[in-house]
1. Which part of region 23-40 falls in the paramagnetic zone of residue 167, meaning amide N under 13 Å from the point 7 Å along Cα-to-beta-carbon?
2. Along the three principal axes, how long is region 8-157 when you take its alpha carbons, biggest first, rounded to the nearest angstrom?
3. At a 10 Å Cβ-Cβ cut-off, how would you order 114, 346, 296, fewest neighbours first?
4. Ranked from highest to lowest mean number of other Cβ atoms within 10 Å per residue, what is the order of the peptides 339-345, 260-266?
5. Beta carbons within 10 angstrom, averaged per residue: use that to sort the peptides 11-22, 274-285, 139-150, highest first.
6. Taking a virtual spin label 7 Å from the Cα of residue 119 along the C-beta vector, which residues in region 156-178 bring their backbone nitrogen under 12 Å of it?
């Protein structure tokens with residue numbers, strides 16, 4: 001048995017996703033990994049056990065304090081059962097589907113949307129045997145890790161070569177019994193937690209107030225941050241993307257990384273700027289195609305990773321270490337280079353804004369609110385956002401799991417009520433994989449948007465590289 005992980009309260013960033021999770025706002029992230037052959041069953045199970053040992057958070061559950069008097073804590077699950085989290089599905093052939101990949105996306109959509117058992121560790125690994133190959137669908141509650149933190153799990157689950165190190169079979173054994181501590185001892189521990197958390201929160205708020213008053217322009221910056229937040233919460237686009245339901249539709253596209261790197265260098269921007277410009281182009285076409293030409297901007301949440309570069313690949317740790325900025329995407333601009341330049345300017349301005357600088361302090365302050373109030377605020381704020389777009393740093397080298405090579409890796413990020421589309425980008429082995437998660441009530445047919453997004457990337461690359469001898473090859477569509 002792996003050593004017990006340290007019990008600890010959820011961080012303010014982890015709480016953001018734990019408290020926000022509710023029937024219409026599942027905060028689940030996932031990755032679909034295509035394989036070149038079927039993984040060896042016992043090696044796959046051993047790889048999952050190795051990941052649990054290397055990343056103890058994978059055997060922990062979230063435990064609420066009695067009477068909710070303190071923050072929830074990460075605790076070892078005494079009933080941990082590896083076979084509950086590692087499963088295998090087998091798909092029959094379906095000649096009515098456009099492609100094998102389409103069939104996989106349709107299969108994993110309902111799996112992705114279902115809630116986790118909140119009394120167990122918050123992850124699931126599903127091996128999918130389908131008529132044309134094998135795949136692994138790994139889904140994880142966002143409270144456990146952000147996209148970059150997911151690389152720590154990928155590192156523990158996979159190997160650098162096909163053979164990998166020797167692994168001993170993991171014996172099948174009965175899970176442990178549920179040993180519930182006495183209420184009095186739990187209450188006493190929670191009171192101690194509450195006092196420690198209140199003291200820590202007081203020190204943090206006092207420190208933030210002192211920095212605000214000490215630094216030149218600190219008060220002005222705080223006022224501007226509040227003004228930015230109020231302005232964003234008051235924004236409402238006329239987009240028809242304001243319907244919300246529970247069903248999720250997943251899709252994706254694959255692109256040549258080097259061509260997009262060239263585009264980024266030629267345009268003197270970042271990969272997130274390239275992604276946002278393509279998404280804006282596709283969303284503009286999608287709205288015009290449906291007769292909504294008056295929609296000129298969409299308020300978009302863009303997560304910003306706070307880890308240093310050396311902690312963004314396989315050496316990343318779990319947990320959430322990110323903030324977010326809100327950018328109004330100019331979807332009414334049809335010219336791709338003009339659209340890119342305007343987006344780059346807006347992104348840089350938002351990164352330098354007072355609201356971005358004070359986001360960590362704001363997350364800490366919100367963690368002190370009662371859960372019902374926190375959830376209400378999360379729901380209200382999400383209704384002002386039209387899109388979520390994120391770029392997750394990936395890994396450049398091939399990885400193997402249980403003797404199978406991972407040939408593709410499609411990431412998926414959660415949507416929110418009245419924010420029905422999220423687009424995530426992940427780099428792997430010289431390719432860029434874009435995962436699209438959509439609320440089926442707002443976007444019942446995701447394929448047209450997928451085609452538009454692939455076309456918007458092609459249009460931007462073509463406009464940037466032109467006839468410089470680096471004209472792009474056609475991009476593959478999933």
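1. Once the point is set 7 Å along Cα→Cβ of residue 167, 39-40 turn out to lie under 13 Å by backbone N, inside region 23-40.
2. Ordered largest first, region 8-157 gives principal extents of 55, 34, 27 Å.
3. Working: 114 13, 346 20, 296 16.
So the ranking, lowest neighbour count to highest, is 114, 296, 346.
4. Working: 339-345: 20.0, 260-266: 17.9.
By packing density, highest mean first, the sequence is 339-345, 260-266.
5. Numbers: 11-22: 21.5, 274-285: 26.6, 139-150: 24.8.
Taking the mean over residues of other Cβ atoms within 10 Å, the ranking is 274-285, 139-150, 11-22.
6. 178
We did not get these values from a lab; they are worked out from the coordinates using the rules stated. It should be emphasised that the depicted structure is a prediction, and the values quoted were computed from it without experimental measurement. Every residue, glycine as well, gets a Cβ built from its backbone with ideal geometry; the counts of neighbours run over all protein chains shown.
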